[in-house]
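Asks: Please read through the structure below; I'll follow up with questions.
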Amino acid sequence: MSSRIVKTFQLTARSISSVGYRKPHSSNIRSKPASSYEAASNPWDHVYGVSSVLSALRAKKRQTLDTVYIQETDEKKTTQKKDASLISDILSLAKANNIHAVAVDKGRLNNLTDNKPHQGVVLKASPRNPIEISVLSAPTASGCYEALPRINKRGSEQDREKNSSNTATSIQFKAPASSRQPFWIALDEVQDPQNLGSIMRTAYFLGVDGVLLCSKNSAPLSPAVSKVSSGAIEMMDIYSTPNLVKLLKESHANGWEIIGAAGDASPCMNLSRFKESTSQKPVILVLGNEGTGLRTNVKNGCNAFVSIPSAIHADALFNGSVDSLNVGVAAGVLISTALC
């Protein structure tokens, strides 16, 4: 890896040479050790793309931000003003947070990202891990509520006591900014990084109060998901549970409406009734796997269902393969219906 510093993207502000070498940034946020959910044989993520890298540097939700790699470029080549400005912002943030920044050739960046569209910038950082929770409490009269952390009961007694003491504090949530009920989404084994990234971007943009992942058989919060989400996963807190059914049932006992997105369920509310439901009670909208939809036991944990009507006549649905929506698109329709 070349450590020489060159002019990059013809920056008019601070060049990479003004960043120099400093200790990696470590945020104050403590995350749980990597588990099988993250599949983290490599302790580092290589976050790529201007939006994702910039969001990661600004939000500092990753425990460690180690190195920024910038593509060295022929000075005769021009770069769009927007990209040049964002690269300048990235270098300024790297300097402010004591993060090592170096210029490397395009081949090096291609190797780090497995030839993904990195836009000439890559951030070496610790993985983006979700926060494990066990249940959502009933909102108070003012709309505030909390999530109880999940306590791992496996391992030695000493490890269990240590884990319990470290996770004893519940996570507090304020009432939604607009005078509405809290609205969460839960994803049951969504495995495609493209779908997961698309849903995360939509959830962040439209102001979903919380995103919950089933930690088994789900896509991890990888650099690919970060790129598709345009950096949304870098800026939002994301939660997970190994037992989605248990969390849904216990949250329902606390007053949450659990609504599954399933077109084959009966009875099934329409979009108007769905929007009305979200205005009356706190809601967790559950979205299923790309191929199989909601698992049977997850359906049993739902107390209502919603479907998106098709404009195609029922008899014509079987003449083609378009009989349902992609889960990312369905999430966009339902979240928009609930919150807009």
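Asks: Starting from the residue with the highest accessible area, list Met235, Met200 in decreasing order, probe 1.4 Å.
Replies: Correct descending sequence by accessible area is Met235, Met200.
Asks: Semi-axes, largest first, in whole Å: what does sqrt of 5 times each Cα gyration tensor eigenvalue give for the stretch 45-125?
Replies: After scaling each eigenvalue by five and taking roots: 19, 15, 11 Å.
Asks: For the pairs Lys124/Lys275; Lys124/Lys216; Lys61/Lys106; Lys116/Lys246, note any where the Cα-Cα span goes beyond 30 Å.
Replies: Lys124/Lys275; Lys116/Lys246
Asks: For Cα pairs less than 8 Å apart in space and 6+ apart in sequence, what is the mean separation divided by the residue count of the stretch 158-280, i.e. the relative contact order in percent?
Replies: 23
Asks: Near the amide H of Ala101, under 5 Å away, which other amide H atoms are found, from residues 5 or more places off or on another chain, if H is placed in the peptide plane?
Replies: For Ala101, whose amide H was placed from the backbone, the distant partners under 5 Å are Gly20, Arg22, Val68.
Asks: Taking the mean number of other Cβ atoms within 10 Å as a proxy for protection, how do you rank 294-304, 181-191 from highest to lowest?
Replies: In decreasing order of mean packing, 294-304, 181-191 become 181-191, 294-304.
Asks: So what J values fall out for the stretch 173-181 if you push phi through Karplus, 6.51 cos²θ - 1.76 cosθ + 1.60 with θ = phi - 60°, rounded to Hz, Gly and Pro as x?
Replies: 10, 7, 5, x, 4, 7, 6, 9, 7
Asks: Also, quick follow-up: Which pairs, out of Lys249/Lys281; Lys174/Lys299; Lys95/Lys227; Lys174/Lys227; Lys174/Lys249, put more than 27 Å between their alpha-carbon atoms?
Replies: Beyond 27 Å: Lys174/Lys299; Lys174/Lys227.
Asks: Sort the following peptides by mean Cβ neighbour count (other Cβ atoms within 10 Å, averaged over residues), highest first: 261-270, 225-234.
Replies: The most tightly packed comes first, giving 225-234, 261-270.
Asks: To the nearest 20 Debye, how big is the dipole of the stretch 45-125 about its Cα centre, given +1 on the beta carbon of each Lys and Arg and -1 on that of each Asp and Glu?
Replies: 260
Asks: ³J(HN,Hα) across the stretch 248-265 via Karplus (A = 6.51, B = -1.76, C = 1.60, θ = phi - 60°), whole Hz, x for Gly/Pro?
Replies: Taking θ as phi minus 60°, the curve returns 5, 5, 6, 5, 4, 5, 8, x, 7, 7, 9, 10, x, 8, 8, x, 8, 7 Hz for the stretch 248-265.
The values are calculated or read from the model by the stated rules, or taken from the named source; none is laboratory data. Given the structure is predicted, the values throughout are model-derived calculations rather than measurements. Reconstructed Cβ throughout: ideal geometry from the backbone, glycine too, with neighbour counts over all protein chains shown. SASA here: full protein model, heavy atoms, side chains in, ligands and nucleic acids out. Shrake-Rupley method; radii C 1.70, N 1.55, O 1.52, S 1.80 Å.
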